1. From TYR474, TYR479, TYR508, grab the single residue that is among the aromatic types (Phe, Trp, Tyr), in a loop (DSSP other than H, G, I, E, B), at negative phi and at pLDDT 75 or above.
2. Checking the structure you have, find out if any residue of the stretch 230-250 is closer than 19 Å to ASP312 by Cβ and outside any helix (DSSP H, G or I).
3. Scan the stretch 89-116 residue by residue and report those that are in contact with a Leu (Cβ under 8 Å, 6 or more places away or on another chain), outside any loop (DSSP other than H, G, I, E, B) and of a type in the set (Gly, Ala, Ser).
4. Only residues that are part of a helix (DSSP H, G or I) and open to solvent by less than 40 Å² (accessible area, probe 1.4 Å): list them for the stretch 53-77, please.
5. With the requirement that a residue be in contact (Cβ under 8 Å) with a residue 60 or more places away in the chain and assigned to a loop (DSSP other than H, G, I, E, B), what does the stretch 27-52 give you?
6. Of all helices (runs of 4 or more DSSP H) completely enclosed by the stretch 332-436, which ones contain at least 1 residues that are open to solvent by less than 10 Å² (accessible area, probe 1.4 Å), small (Gly, Ala, Ser) and at pLDDT 95 or above?
7. Filter the stretch 434-469 down to residues that are among the β-branched types (Val, Ile, Thr) and either out of contact with any strand residue (DSSP E or B) (no Cβ under 9 Å at 6 or more places or on another chain) or more than 23 Å from SER378 (Cβ to Cβ) (or both), then give me how many there are.
8. Within the bounds of the stretch 253-266, is there any residue that is crowded, with 20+ Cβ neighbours inside 10 Å, under 24 Å from HIS346 (Cα atoms), in contact (Cβ under 8 Å) with a residue 40 or more places away in the chain and touching a strand residue (DSSP E or B) at 6+ places or on another chain (Cβ under 7 Å)?
Amino acid sequence: MRTANASLAVLLLPLVAMSSGNSTPPAASRPNIVFLFSDDHAAHAISAYQQSLKYGVKLPRTPNLDRLAHDGMLFVNSFVTNSICGPARATVLTGQYGHLNGVMTNNEPIHPTAVTFPKLMQEAGYQTALFGKWHLRTRPEGFDNYEILAGQGPYYNPVLHSGDDSVRYIGYTLDVVTDRATKWLHNREASKPFMMMLTFNAPHRWWDPGPDQLAKYRDTTFEIPRTFWDDASGRASPAKDPEMKIALDLVPRDLKLEPPNNLTPDQLATYVAAYREENAKLQLAGLKGDELAKWKYQRFIADYMRVISALDDQVGRILDELDKAGLSKNTIVVYSSDQGFFLGDHGWFDKRWMYEESLRTPLIVKWPGIVKAGSRNSDLVMNLDLAETFLDIAGVRKPAAMQGESIVPILKGSTPRNWRDAIYYQYFEYPGWHAVRRQYGVRTKSYKLIHYYEIGEWELFDLDKDPEELRSVYADKSYAGVRRDMELKLAALRKQYKVPEKDPAPYYPWELPPQYRRPELPGSTRSVDELTRRSVDHDSHR
C-alpha cells in the first residue's frame, strides 16, 4: 500500500474500453451521467425539500444542492426498497429487491455475476468510473476505473483501493474522493460518453466534520423536532424501545467526547480543540435526564449538519468542474442517498424503519434541455428505478429481470398513465444494529400499512391526517375499508416483485457487539460520567 497527500498525489489508472455488439445510439448523441450518491442523507436536511415535507424542523441551507434543484427536478416522493446501506446500493445497481439480488443486509456480498447497469453501460460503449464508498464486499465489476473505500471508510485519511493498488491519502475523505473523481474527469477519453459514480460516505455515523466545518454552528441552538419526546404509545410494540434513541444510545464517539483514532497529530490537535471548551462545560454542568438528552441532540444535529455542509461543498465542486470543462450541457447530474435518516424525529437517529424520515430519500435530477428547471414531481418513484433510468438514457434495453421502471418519461414531463400507485418495502436485519424488527409494507400517496411479520403486529397510518405517523389506525373500525384495500395492494405487490411466500431470513445472522448495546441503566439517572465509560471500536459501525 502506498501513501500520498490528497492534494498532490496522482494515481494513474489505465482506461479500459469494452466494445459491445448491442445496437446503441452513436456516442455523440448520448449524454454523460454523473451520479452523486450520499449515505444517510435525510431529505429534510436539504433546504430545497423543506417546504414540501410535513415533518422535520428548519435546518441550515444547502446552497449547492439547492442550486441543483433550481436547475433540475426535485422528486418529493422518492423512496427506498430497504433502508440500509448495502441493500440500497445493490438495488440501485441491479434494479432488483434484495430477496432477488441476494443482498438483504450489510452482511451479504453482491455476486460478481450480477447484472448491473454499469456493466451494461460499459458494454454499450460508455466509460464507467466509481469513486468512494462501495460497501458490497466484493470487487466492483463493470467499471473501467474505480477507487473505493474499504467498508464504511473513515472521515479522515482514507485508503482507496483500485484494481491494482491501494493508496492512503492524508486529508478529509470527502475532499479526497472528489479530488480523485475530478482527476478522472480531466483524464478520461473525451471521444466517448461517460458514467461516473461519486459515492460519498457522508453523512453516515460518526458525523465527523471537516477542518473547514468544525467551527460551524457553534453558537446555533437548533429547534427540537416536535416528535422528539414521542413515546410511541400510538404505534405497535417494535417502535416503543429500539436502541436508536438520542437520549440513551449515542456513545462517546458519536458525541465527540472521544476523537477519531486515525488522525495525524496536527489533525488531532485541531479536532480536539474544536470541542474542548464545550466538552469541559458539559462535565461541569452535571446534566441528567431530559437536559442531557437535549444537549446530546444539539451536539448530534450540529455535527450532522456540519458534515452536510462539507458534502454540499463537494456537490458545488463537481458542478463547477463540469462547467469549467464545458461538459454541463451534455451531462445529466443525479443526486440521491442510499436512504433517509431520523434527525431527532421520534427521538431517534439512524434509519431502517418504514416510517417517512427513513423511507424517503432525496432525488434531484438535472438534465439540461430536457428537464424543466425548478420543477417538482410528486409521483411515487424508487431507488429501484435508477438502473432502468440510466440504461434508458444510454439507449440500452433493460433486462427482463430488473423490477423497476425508467423515470425518463417523468423527467420529460409526462408521467405514464400506468405509473405505480403504491410502493413495497421490506427490512430484514434483526437483531442487528439498533434492534429494529423485520418488517414489510405498502405505501400509497395517502396511506401506509406496515407488517412486523415475525411477531404478527400491524400499523396503518393516514398520511394526510397524520404525516408524522404518531397514531396507527389499524384497529380503528372507520378505516376497515382502507385496511382491506391496503392488504390487497400489499399482497399484489409481493406477488409482482416475486417475494417468497415464506419470507427469507438473512444467511448471516448477526448480533450487535456488547459495547454498542444500551447499558442496563435507567435513563433518568444516567450521567455524563456513565456515558463516557462506554468505549467502542471506532471503525466497526455500519
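The values are calculated or read from the model by the stated rules, or taken from the named source; none is laboratory data. Quick caveat: nothing in here was measured; it's all calculated off a predicted structure. When we count neighbours, we look across all protein chains shown, and the Cβ atoms used for this are built from the backbone with ideal geometry, even at glycine. With ligands, DNA and RNA removed, areas are computed over all heavy atoms of the protein, side chains included. Shrake-Rupley method; radii C 1.70, N 1.55, O 1.52, S 1.80 Å.
1. Numbers: TYR479 fails: in a loop (DSSP other than H, G, I, E, B); TYR508 fails: at pLDDT 75 or above.
Sole residue among the options that is among the aromatic types (Phe, Trp, Tyr), in a loop (DSSP other than H, G, I, E, B), at negative phi and at pLDDT 75 or above: TYR474.
2. no
3. ALA90
4. So the first thing to find is which residues in the stretch 53-77 are part of a helix (DSSP H, G or I), and the list is 63-71.
Result: ASN64, LEU65, ASP66, LEU68, ALA69.
5. Correct list: ARG30, PRO31, ASP39, ASP40, HIS41, ALA42, ILE46, ALA48, TYR49.
6. In the stretch 332-436, the matching helices (runs of 4 or more DSSP H) lie at 356-359, 386-394.
7. Here the count works out to 2.
8. Looking for residues that are crowded, with 20+ Cβ neighbours inside 10 Å, under 24 Å from HIS346 (Cα atoms), in contact (Cβ under 8 Å) with a residue 40 or more places away in the chain and touching a strand residue (DSSP E or B) at 6+ places or on another chain (Cβ under 7 Å), one finds none in the stretch 253-266, hence no.
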